[in-house]
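One structure below.
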Amino acid sequence: MSHRRRFPTLLGLALLPLFATSTAHAKEDQWTFELAAGGGVAPRYSGSEEFQAAPTLSFDVTSPGGWFLGTSGAGWGTAIGEHTRVRAYVGGSGSRREKNSILGGSDFLRGMGDIDTRPLVGLAAGYTLGEAVLSGSWQYTLKDDDKGDNGLATQQIHLNLEMPLFDLVGGVVSGSVSTDYGNRGYMQTWYGVSPAQAARTGFAQHKPKAGLVSAGLGMKWSHRAGRNGNWYIAVEGTRLLGDAADSPIVQKANQFGLMTGYTHRF
């Protein structure tokens, strides 16, 4: 369904359809502008048993030659042959608050400290296999020395396979499978509990290793509205794995989210 831990915020949930659409269909010989608006319900943070609802708004502008700027970041993309597209970009990482916040966080995390948005660089690629799309991304978030264990340099790899399944009520239902991998810095930032955090919160210390973070299944119904519009409803279920699932801040390893919205290309 960026930084892309599962359901970081509703903003992150909204950016994925926009990014995927822009990557797959943008033409390199003309300007394109895409606007997406909607809303949804998602866990307050990855591992939370609480949910939050919020509206979303995002945009993406692509110039001739493949340069782009949008809510997801800025960078350059191009096609390689008929079936492959690649993108390189810079942007901002996800964030989490130690209190209830639309930015992602919960009062349950009091004493864990905030995880602030930091600069990141990323690479993404998509390959079409008939009607199926295999995509992947790598993201590196820069270290913030002032934040200690909440500001470690992180690396994350996301893989996704999506394909149409059947027509329904004038639209198309597609399904997807995905998985995420994080390095030690990523796992410690989002799922670890340092000695100082343990002393402040009462959580047991947790020092996760690099490994798989999660695996997910998703379904999306999309309906074309005229030549350039698209309505969609998307739902995803994710299972946290390994050291991520074992974290004392994880209330539920099974995570679910729902998103609906409209995208329009000019």
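The values are calculated or read from the model by the stated rules, or taken from the named source; none is laboratory data. Please read all numbers here as calculations on a predicted model, not as lab measurements. A quick note on method: Cβ atoms are made from the backbone with ideal geometry, for glycine too, and the neighbour counts reach across all protein chains shown. The protein model used for the area step is the full one, side chains on, heavy atoms only, and it has no ligands, DNA or RNA in it. Shrake-Rupley method; radii C 1.70, N 1.55, O 1.52, S 1.80 Å.
Among the numbered criteria (1) at pLDDT below 90; (2) touching a helix residue (DSSP H, G or I) at 6+ places or on another chain (Cβ under 8 Å), which single criterion is violated by THR32?
Going through the list (1) at pLDDT below 90; (2) touching a helix residue (DSSP H, G or I) at 6+ places or on another chain (Cβ under 8 Å), THR32 breaks only (1).
All but one of (1) farther than 22 Å from ARG96 by Cα; (2) in a loop (DSSP other than H, G, I, E, B); (3) among the β-branched types (Val, Ile, Thr) hold for ILE233; which doesn't?
All conditions are met except number (2).
Only one of these is more than 21 Å from the chain's Cα centre (by Cα), open to solvent by less than 30 Å² (accessible area, probe 1.4 Å) and among the aliphatic types (A, V, I, L, M): VAL193, VAL169. Name it. Let's see the steps before the verdict.
Values: VAL169 fails: open to solvent by less than 30 Å² (accessible area, probe 1.4 Å).
After ruling out the rest, the residue left standing is VAL193.
Could you identify the single residue in LEU212, LEU161, LEU217 that is more than 22 Å from GLY122 (Cα to Cα) and either at pLDDT below 95 or open to solvent by 30 Å² or more (accessible area, probe 1.4 Å) (or both)? Steps first, answer last, please.
On the way: LEU212 fails: more than 22 Å from GLY122 (Cα to Cα); LEU161 fails: more than 22 Å from GLY122 (Cα to Cα).
Sole residue among the options that is more than 22 Å from GLY122 (Cα to Cα) and either at pLDDT below 95 or open to solvent by 30 Å² or more (accessible area, probe 1.4 Å) (or both): LEU217.
Among the candidates LEU123, LEU109, LEU129, LEU69, which residue alone is within 16 Å of the chain's Cα centre (by Cα) and either under 24 Å from LYS147 (Cβ atoms) or open to solvent by 10 Å² or more (accessible area, probe 1.4 Å) (or both)?
Numbers: LEU109 fails: within 16 Å of the chain's Cα centre (by Cα); LEU129 fails: within 16 Å of the chain's Cα centre (by Cα); LEU69 fails: within 16 Å of the chain's Cα centre (by Cα).
Every option except LEU123 fails the conditions.
Being in a strand (DSSP E or B) and either open to solvent by 30 Å² or more (accessible area, probe 1.4 Å) or among the β-branched types (Val, Ile, Thr) (or both) is the filter here, so list the residues in region 82-103 that pass it.
Of region 82-103, the ones in a strand (DSSP E or B) are 84-92, 96-97.
Correct list: THR84, ARG85, VAL86, ALA88, VAL90, GLY92, ARG97.
Output the residue which, of all residues in region 65-81 that are out of contact with any Ser or Thr (no Cβ under 8 Å at 6 or more places or on another chain) and in a loop (DSSP other than H, G, I, E, B), is nearest to GLY91 (Cα to Cα).
The residue in question is GLY65.
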